[in-house]
């Protein structure tokens, strides 16, 4: 495996050519090495949310995916931002190609960890807002909370939910995520600290 070439700004084509077995994201052409596999608590919470979305979407014209799944946020522009959200929902299936998603999904869910919290709450928040992601959930397994950011008039309106709440998914009419089911999975598998 050869090392990545040293250049100031990478594009999706550079990213796609890398074959060193590591996972990366690109934000405005800057490379970010992703952490190794997420912690079991992260995986348990992610699975709890994913399974509820997947069940709701069964037979509907939207699809839900989990990382690793490439999302090229600005494929018609500089094509220099590629992210791998923990969970994403896409209702315009024409955006999906053999490499992943071209354009903004309808919904993104990021499960934070101590090493990614700032990146998820600031960098990705701003990139998702700029790209027009309609709904962005920031899920904190440690505090058992969700910040649901819904795009309205060019800004995110944020609503907070706790572990016993049922959080509506605004982009999927009638879909409600029972957060206790997601957060309880961590307890079931003894992943509590």
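The values are calculated or read from the model by the stated rules, or taken from the named source; none is laboratory data. What you see is a predicted model; the values in this text were computed from it and never measured. Don't worry about glycine lacking a Cβ; one is built from the backbone with ideal geometry, like all the others, and counts go over all protein chains shown.
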Residue 76, sole failed condition from (1) touching a residue at least 40 places away in the same chain (Cβ under 8 Å); (2) at negative phi; (3) out of contact with any strand residue (DSSP E or B) (no Cβ under 6 Å at 6 or more places or on another chain): (1)
Given (1) over 21 Å from residue 43 (Cβ atoms); (2) free of Cβ contacts under 8 Å to residues at least 60 places away in the same chain; (3) more than 16 Å from the chain's Cα centre (by Cα); (4) surrounded by fewer than 16 Cβ atoms within 10 Å (Cβ to Cβ), number of the condition residue 165 does not satisfy: (4)
Search result, residues across the stretch 96-118 that are in a loop (DSSP other than H, G, I, E, B), in contact (Cβ under 8 Å) with a residue 40 or more places away in the chain and closer than 19 Å to residue 175 by Cα: 106
Some residue of the stretch 87-95 being out of contact with any strand residue (DSSP E or B) (no Cβ under 6 Å at 6 or more places or on another chain), in contact (Cβ under 8 Å) with a residue 60 or more places away in the chain and not in a strand (DSSP E or B): yes
Of all residues making up the stretch 11-65, the number that are assigned to a strand (DSSP E or B) and more than 15 Å from residue 111 (Cα to Cα): 10
Options 146, 176: the member that is over 21 Å from residue 118 (Cα atoms), touching a strand residue (DSSP E or B) at 6+ places or on another chain (Cβ under 7 Å) and without any contact (Cβ under 8 Å) to a residue 60 or more places away in the chain: 176
Residue among 50, 56 that is farther than 20 Å from residue 141 by Cα and either in contact with a strand residue (DSSP E or B) (Cβ under 9 Å, 6 or more places away or on another chain) or at pLDDT 90 or above (or both): 56
One residue from 100, 21 being touching a strand residue (DSSP E or B) at 6+ places or on another chain (Cβ under 7 Å) and on the phi > 0 side of the Ramachandran plot: 100
